[in-house]
1. Any idea how far apart residue B:143 and residue A:68 come out in nm if each label point goes 7 Å out from Cα toward Cβ?
2. Which value does Rg/Rh take for region A:27-90 over its C-alpha atoms, Rh per Kirkwood?
3. For a quick check of your reading of the filter: which trypsin sites (Lys or Arg not before Pro) in region B:44-143 sit in a DSSP loop and have no more than 15 other Cβ atoms within 10 Å?
4. At 10 °C and a viscosity of 1.306 mPa s, what translational diffusion coefficient does Stokes-Einstein give for region A:75-217, taking Rh as the Kirkwood radius over Cα pairs? Give it in µm²/s as a whole number.
5. Can you list the equivalent-ellipsoid semi-axes of region B:43-138, largest first and in whole Å, using the square root of 5 times each Cα gyration tensor eigenvalue?
6. Shielding by partners for B:111-121, please: the mean number of other protein chain Cβ atoms within 10 Å of each residue's Cβ.
7. What is the average number of partner chain Cβ atoms found within 10 Å of a Cβ in B:54-65?
8. When only the heavy atoms of the protein chains count and the probe is 1.4 Å, how do A:186, A:10 rank by accessible area, highest first?
Amino acid sequence: MSKPATMRRMPQIAHVDVNCFYASAERAFDPSLEGRPVVVLSNNDGCAVTRSAEAKALGIALGEPWFKLAPRAKEWGLVALSSNYELYGDISARVMELLGRYSAWLEVNSIDEAFLGVKGTPDQLLALGRTMKTAVRRNVGVPVCVGIAPTKTLAKLANKWAKHNPAFDGVCHWDSVAADDRESLMRRLSVIEIWGVATRLTKRLNALGIQSILDLSRADPVMIRDRFSVVMMRTVLELQGTQCIPMEEERIGRDQLIFSRSFATPITTAAAMRQVLSVYGQQASARLAKHGLQAKLLTAFAGTSHFNSKDTSYPSVCVPLPMPTADPVLLTRAAHALLPHIHGGIRYARAGIMVTDLRPTGNQAPLALFENPHEERRVGTLLEDVTRRYGRGSIGLGHAGIRGGPDWTMKRDMLSPRYTTHWDELPLVKAA
Amino acid sequence: MGVVVGPRVIDAGMSLVSVLISPVPVAAGYPSPAQDYFDGRIDLNEHLIKDITSTYVVRVSGDSMEGAGISDGDELIVNRALEPKDGSVVIAVLDGELTIKRLRVTGTGVVLQAENPAYPDIRVPSVSDLVIWGVATRCLHHV
């Protein structure tokens, strides 16, 4: 590349994500799943939300309902598992904690992927990518791929390339690949393969003669803005190598909602952290309500910058909520479970919360009276009285208190143990 | 009137964890003599776990490691970040199962040993022929 020396020292973006995350998290504790087709099912064991490479090879589509797969599972040797949100939440937190050691600038993009700001020569960046890949695999136990490029959009593309082309061995540094090869990749791939380009936009782009990623990268950004949106213009600029997708503090994914940020000034007290977590708790509540969702599990995390501090700390907690909720008080209280792990004087460079195990609000809350227990103080007192007199499980809010297992709304017949968060479900190691 | 700021211990309601909070005012003239020496309760996480991100707890099933003081039902603290060495107690993946063994690295090859004569050794040419899941650092033995 004939870029001036200053260009090469510009910070780049590393995009790291876990391969088939849910399936990989299961395999980390059950090696017998290695090499077998595995699908992880959505809430109520509805449909396949994660497929291992072997399951994809069988032609199982994303979102395929379990009742269609079940009759052939035996013949295929297919293993189906219910979503083990506790496990995935903890493994995700561990991956993010570990990645945080490699960059002060970390943006958790979803439960299984993150962007990191990275600097160095091409060789150093490639080496960093390999180091991160090896470390996550070894220390946490799940496989990742890494894409490193001048922009987020290209880093995502580089990661996708690394996943599909074994020659990269899981790590692709965009600028280190020959320009001809990059061009031919971009010519081969349809615009729909780009992060953030939806199907309906693809049709409109195609109508303008823009078919491939290469076509889009060569389009006039101003024309794209006028005909589409600023968002699409950013994508064009990003494909051209100009960073313009800003740091995001909030993302909603298929089955999770994340609030996190790096701080301009490090947080050094539990009191300040309490404020940050409270803000996130309330934001999460508002967003959940807006999307008509409730959460069952909350993960709160914080981390020091690996570079600026000799006291490193990456605390995280995984808090099962007492019932599916979007209640700001419950969410904030749950997020505060991180506070005992925040040590005064340590300089925390980032913090965040993630809510997972989301389900539509309509599925529970059988009585409107109980929707917000905090507005009905007397209900709480009554419940306590009854519980004290007749025992736990004799009464509860809505369905929540009814005996018969904690996951009363969910059918999770194929749930693996919550290996890392429950003492009575630890992984067993054979001494034989 | 002066105020002495001192720490107070609360139970955080979580296993193995307690936390210091402050300030709690104490009337001058009645300082606790222990106050200057109190740094908090023993935190087992701090002493038993070096790298929390890379550490898992597992439970032993079987009696093949009795000779190493590791019994059926004991919990092990396993650090995945450690390099397995000669003499390490490791969790290895054998036939798709997490299995605990003593790792022996010799000039002639690598041996996974049980610590119980009833179980045979497993020999492989080199460590790279094994999948080592993690290295056990502590055994929480039930006495």
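1. 6.0 nm
2. 0.94
3. Here the trypsin sites (Lys or Arg not before Pro) that fit, given the DSSP loop and packing criteria, are B:50, B:85.
4. 94 µm²/s
5. 22, 16, 11
6. 1
7. That works out to 5 on average.
8. Correct descending sequence by accessible area is A:10, A:186.
The values are calculated or read from the model by the stated rules, or taken from the named source; none is laboratory data. Just so we're clear, the structure is a prediction, and the values are computed from it rather than from any experiment. Glycine gets a Cβ as well: all are built from the backbone with ideal geometry, and neighbour counts include every protein chain shown. Side chains included, ligands, DNA and RNA excluded: accessible areas come from the protein's heavy atoms. Shrake-Rupley method; radii C 1.70, N 1.55, O 1.52, S 1.80 Å.
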